[in-house]
Every structure is written in C-alpha cells, then in structure tokens.
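As structure tokens, the structure follows; a few thoughts come after it.
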C-alpha cells in the first residue's frame, strides 16, 4: 500500500513537473514570437514599400516610352503634311480635328472685333511677355478659329497691359495645332476692357465669351507684326526614350535594394 501511495505521489509530482515545464516552454516560445514579430512586420513593410515604388517607376518608364512613340508618329505625320503643302481653309474638315494637328494652313480671314487676349507668362529669350490671341472668321464665314499672332514683351508694371494693333483683315499662313488646355489656377480671363489677360487657352470658355463657335485649334501665324516664336517640337522622341530607360533603371535599383533590405530584416 505504501509503495502504491508513493507511486501515486510520484506520478502527481511528475504531472506537476510536466505542467510547469510546459508552461515554461510556452512562455519561451511566446517570448521568441514576440521578439520576432517586429522584424516580421518591418520585413513586410519594406517589401510592400519596394513593390509600390517599383510599380510607380515602371509606370513612369512606360509613360515616357509611350510618349516617345507618339512623338515619333506625330513627327512623321508633320513631315508628310509639310511635303503635301499647305491646305486652304475650304479644304479643312473640322469634323476630324485630330487629323489636323500640325497641318500647314493658308487663307484669308477677318478679325472678330473687339476680342484680344494676351496669353500670360510666355518667355522668349529670357524675357517675359504675352502671346497675342484673337478669334477670326474665315473667308466666306464658314468657320471661326483662334489665331496666335506672336509674342509681345510685357511692361515692367504688371498692372499695365500692352495694347497691340490688330489688323481688321489678314492673310493666314501658319501651322494649325490642337488647342492645349494647360494648367489653371484661379480665374482664366481677367475682366476689363480689351485686351484681356488670359491664363490658359480653353476654347469652351472663349466660345462663351464671343458667343460663337470656335474650332478646337490654334493657328500659329507666321506673317505677323509681332514676334513669331512657335516651335513644333520641344522634346524629341529620343529624350523620351532616354527618360524611360532612366526610370526603368531606377526601378531595378529600388527593387534590388528592397530585396536585400528585406533579407536583412529577417531574424
């Protein structure tokens, strides 16, 4: 009987020892998990940040490459139009304006008085000035469009505006471009007597101002009393492709650096 009691007591001691040992092991494992958890979170943060930045850089690279392809196609279209020679206003199909971007144009037109707009913040040879914009009615009155007559210097006092002399009739000769929207902060057309200061070419607003339809295009007039400074191409396709390669290279650098840092964050 004594031996049986001793065995039962020893068994109870063994169970208590196993329970305490299990508790200690659980505490050790829990401490180890708590110790690893910050590293685990940091690793996932680094990985997520790397993937987001890499995706953004790849998107920029693709956009620049696509812009280069579009610029190449547009320059080819421009060269073809130059070889074909200028069109007259009667030959223009305003129903498909996208096919007219870069089209040489000639014809006769009348100024729609008294509207004169001065496109703000135009820099030529390091000097700030304005581009003179007017609406014209083409010969026969078939259509109206905007004409950029060129650049005039700005007075030193911004409260003063130049007052360019606009001919009532003119012979158009220039390049037709689709009207850009541009970035706009605040009011687009400043009120007051003409000429008005204009922040951005927005054809819809100008249509409402003159109360007549306007083509979604601007003719850059060569034969002008002001300074003609239009350039048909600011950035060549090669530069777009070079930027695309740079963005892609930066994406690879960020990706490789992120992978290395993720490995270092592992316990």
Checklist line | Residue list for region 95-109, filter: surrounded by 11 or more Cβ atoms within 10 Å (Cβ to Cβ), more than 17 Å from residue 150 (Cα to Cα) and either over 29 Å from the mean Cα position of the chain (by Cα) or without any contact (Cβ under 8 Å) to a residue 60 or more places away in the chain (or both) | finding: 99, 107, 108
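Take residue 237 and decide whether it is exposed (fewer than 13 other Cβ atoms within 10 Å of the Cβ) and at pLDDT below 90. Quick ask: steps written out before the conclusion?
Numbers: exposed (fewer than 13 other Cβ atoms within 10 Å of the Cβ): no; at pLDDT below 90: yes.
Taking the combined requirement at face value, the residue does not satisfy it.
Does residue 211 count as more than 26 Å from residue 88 (Cα to Cα) and at pLDDT 85 or above?
Working: more than 26 Å from residue 88 (Cα to Cα): no; at pLDDT 85 or above: yes.
Judged against the criteria, residue 211 is not a match.
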Next item on the list: Please specify each residue of region 213-223 satisfying the condition of being surrounded by 13 or more Cβ atoms within 10 Å (Cβ to Cβ), part of a loop (DSSP other than H, G, I, E, B) and touching a residue at least 60 places away in the same chain (Cβ under 8 Å).
Entry: 214, 215, 216
Margin query: Filter region 63-94 down to the residues that are without any contact (Cβ under 8 Å) to a residue 24 or more places away in the chain, part of a loop (DSSP other than H, G, I, E, B) and within 31 Å of the chain's Cα centre (by Cα) and list them by number.
Written below: 93
Notebook entry, point to check: Within region 49-62, how many residues are under 19 Å from the mean Cα position of the chain (by Cα) and surrounded by 14 or more Cβ atoms within 10 Å (Cβ to Cβ)?
Noted result: 5
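The values are calculated or read from the model by the stated rules, or taken from the named source; none is laboratory data. Predicted model only: the values in this text are computed from it and were never measured. All Cβ positions, even for glycine, are placed from backbone atoms using ideal geometry, and neighbour counts span all protein chains on display.
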